[in-house]
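Here's the structure, in C-alpha cells; my notes come after.
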C-alpha cells in the first residue's frame, strides 16, 4: 500500500531525514517523498544487484590449480618470475612472459610450443637465458610444465 501526502499534510520527519541523507529533498517535502520512493526501489533491487556482482566475480575467478600445478607455481615464483615476470634484475633485454606460453603454436623463440622444447630451453638455456640443468629434478620440471600449461598468473 502506497501512501501519498496532500499539500496540507505534514511529511513525516523520518522521511525528511532519509531524504536529507540522500541529498535530494531540495527543501520540498514532496521531493523528499519522491526521493524516498527512489531509495525504496534501490533497496528492493539490492539483492539482485548483489547477486549479479557475485556472479560476475565468480566468472572472473581464478581456476583452481591442481597440487602439481601449485608446486609448479611455487617453483615459477621462486626461480623464473624474477626474469620472466617482474624483470627485477633490470635486464636490458626483457625475457618473454611465459604465462600462456602453451596458448600459442610457437614459443617466443619460434620453436614449436611443446613440453620437450620448453624443457630443453630450461635445462640448456637459450640466448641470454642461462642453463638450469642440475637445478631442477624431473618431478620439478613436470610440475613447472603443468603450471605453464594452466596459463594462469
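Computed from the coordinates by the stated procedures, all read-outs in this text should not be read as laboratory data. Source: prediction; values computed, not measured. As a convention, Cβ positions derive from the backbone with ideal geometry for all residues, glycine included, and neighbour counts pool all protein chains shown.
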When 135, 79 are ordered from fewest to most other Cβ atoms inside 10 Å of their Cβ, what list results? 135, 79
With the Cα gyration tensor of region 67-150 giving a ≥ b ≥ c as the square roots of its eigenvalues, does the rule (a/c under 1.5 for rounded; else a/b larger than b/c for prolate; else oblate) give rounded, prolate or oblate? rounded
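For a quick check: sort 136, 76 by the number of other beta carbons within 10 angstrom, fewest at the front.
Fewest-to-most ranking of 136, 76: 136, 76.
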Going by how many other Cβ atoms sit within 10 Å of their own, how do 30, 99 line up, fewest first? 30, 99
Sort 92-98, 112-118 by the packing proxy (mean of other Cβ within 10 Å over each peptide's residues), most packed first. 112-118, 92-98
Multiply the residue separation of residue 106 and residue 82 by 0.36 nm, subtract the distance between their alpha-carbon atoms, and state the gained length in nm to one decimal. 6.4 nm
Which length gain, in nm to one decimal place, applies between residue 128 and residue 30 when the Cα-Cα distance is subtracted from 0.36 nm times their residue separation? 27.9 nm
At a Förster radius of 22 Å, what calculated FRET efficiency corresponds to the Cβ-Cβ distance of residue 115 and residue 90, to the nearest 0.05? 0.10
